[in-house]
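The next block holds one structure in the form of structure tokens; read it before the comments.
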Amino acid sequence: MKDGKLKIILSGGGTGGHIYPAVATAEALRRLLGDEGVELLFVGAQGKMEMEKLPALGYRVVGLPVAGLQRKFDLHNFALPFKVLRSLREARRTIRSFGADVVAGFGGYASAPVLWSAQRMGIPTLIQEQNSYAGVTNKILARRARRICVAYDGMERFFPADRIVFTGNPLRGNFLQAAPREEAAAHFGLRPDVPTLLIVGGSLGTRTLNEAMKRYADSLGANPDVQVIWQTGKYYEKEMEAFMASRHCPNIWRGAFIDRMDYAYAAADVVVSRSGACTVSELALAGKAVIFVPSPNVAEDHQTKNARALADRDAALLIPDAEAVERALPAALELLGDRDRIARLESNIRHMATPDAARDVATEILRLVGRA
């Protein structure tokens, strides 16, 4: 601790689901200690989105050459051991030159070499596991971690029970305080008095949910008793724009990206969504009735396990990806007409919300060095 500043490395990346919990925790640390009391350094993976997103938020980030193992045969896999060794060397050099007092990992390629190195240098480490089913890397790193912050019950089947702390997933933004429905609907050019569906598949988009909308766009557009907020994702923007070009559907808002998710949640009565860990946590805070369509293309089928954890508590509905093009929107329309069931789902999912998660994870980091 030079000049009285606590030096903390936050590592994670590859996707927003790893980056933004780390950023939310960084913001909480700055609130707790003040900018004069803490110095933060992020460590990410070269070429990944954190190398652009974090500097844009005003944070310093170091990129490691680490990469993930490709599931299919790929010549890049032969270079992986060399990248891991280089990453371990650079992680140790970064930790030493920065003078880290504590290291926190939030998942993603880069967190493994940083946490591994810190643990062998005698520096206390913390892991924040976002999902209901822990990945192999975190299970290995947890053996030497001082604290494991989790967002689901029953995680002792993966981690040492005496080091687990239930915190929930740190989120940026205030999803707990809903915006006025009139204001939210107006943001999308919609009416506040018409039942509204939100179809959202992440910033890049989701083929399955977009195909579902293509199948039912004409019937939805002709239905005056429903409105739709449809986030296509950046990857599918032009394709969906071409598809809708000849259709007049004033009750369907369509966009590649939603800049105000708080408005989208406030305007929606029912949500159809993927079930990434942070999305699940946002929907719990917002208290929305949701139909999850888990992505089948994630490590260890995390999204299905996340969605199942809520569906088993009657806090959400779950439709497999393979069935969603045909079933998701009819199920959403059926739910939209069942106010009692909507109310039950909203009540149950709110019980799973963790509004103080960022502060709680930050506090656990500080406890590791006797500052909380």
For the range 139-192 the number of residues that are open to solvent by 20 Å² or more (accessible area, probe 1.4 Å) and of a type in the set (S, T, N, Q) is 2
Residues in the range 1-33 that are free of Cβ contacts under 8 Å to residues at least 60 places away in the same chain and of a type outside the set (Gly, Ala, Ser) total 3
Over the range 317-354, the set of residues under 18 Å from the mean Cα position of the chain (by Cα), open to solvent by less than 70 Å² (accessible area, probe 1.4 Å) and of a type outside the set (A, V, I, L, M) is Thr354
Taking the range 86-107 and keeping only residues that are open to solvent by 30 Å² or more (accessible area, probe 1.4 Å) and under 26 Å from the mean Cα position of the chain (by Cα), one is left with none
By residue number, the members of the range 259-276 that are buried (at least 20 other Cβ atoms within 10 Å of the Cβ) and of a type in the set (Lys, Arg) are Arg274
Checked the range 229-258 for anything in contact with a Phe, Trp or Tyr (Cβ under 7 Å, 6 or more places away or on another chain) and either open to solvent by 30 Å² or more (accessible area, probe 1.4 Å) or among the β-branched types (Val, Ile, Thr) (or both); matches are Ile229, Lys234, Ile252, Trp253, Arg254
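Residue-wise test of (1) out of contact with any helix residue (DSSP H, G or I) (no Cβ under 8 Å at 6 or more places or on another chain); (2) in contact (Cβ under 8 Å) with a residue 12 or more places away in the chain; (3) under 27 Å from Gln303 (Cβ atoms); (4) not small (Gly, Ala, Ser).
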site: Arg181; (1), (2), (3), (4): no, yes, no, yes
site: Phe188; (1), (2), (3), (4): no, yes, yes, yes
site: Ser203; (1), (2), (3), (4): no, yes, yes, no
site: Asp225; (1), (2), (3), (4): yes, yes, no, yes
site: Met244; (1), (2), (3), (4): no, yes, no, yes
site: Arg260; (1), (2), (3), (4): no, yes, yes, yes
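Let's see how each residue does on (1) hydroxyl-bearing (Ser, Thr, Tyr); (2) without any contact (Cβ under 8 Å) to a residue 60 or more places away in the chain:
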position	(1), (2)
Gly105	no, no
Arg120	no, yes
Pro124	no, no
Thr137	yes, yes
Arg143	no, yes
Cys149	no, no
Tyr152	yes, no
Phe158	no, yes
Among (1) outside any loop (DSSP other than H, G, I, E, B); (2) without any contact (Cβ under 8 Å) to a residue 60 or more places away in the chain; (3) open to solvent by 40 Å² or more (accessible area, probe 1.4 Å), Asp314 falls short only on (1)
- prompt: Does the range 283-297 contain any residue that is open to solvent by 30 Å² or more (accessible area, probe 1.4 Å), under 22 Å from His18 (Cα atoms) and out of contact with any helix residue (DSSP H, G or I) (no Cβ under 8 Å at 6 or more places or on another chain)?
  reply: yes
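The values are calculated or read from the model by the stated rules, or taken from the named source; none is laboratory data. Because the structure is predicted, anything quoted here is derived from the model rather than measured. When we count neighbours, we look across all protein chains shown, and the Cβ atoms used for this are built from the backbone with ideal geometry, even at glycine. For the accessible areas, the whole protein counts, side chains as well, though only heavy atoms, and no ligand, DNA or RNA atoms are used. Shrake-Rupley method; radii C 1.70, N 1.55, O 1.52, S 1.80 Å.
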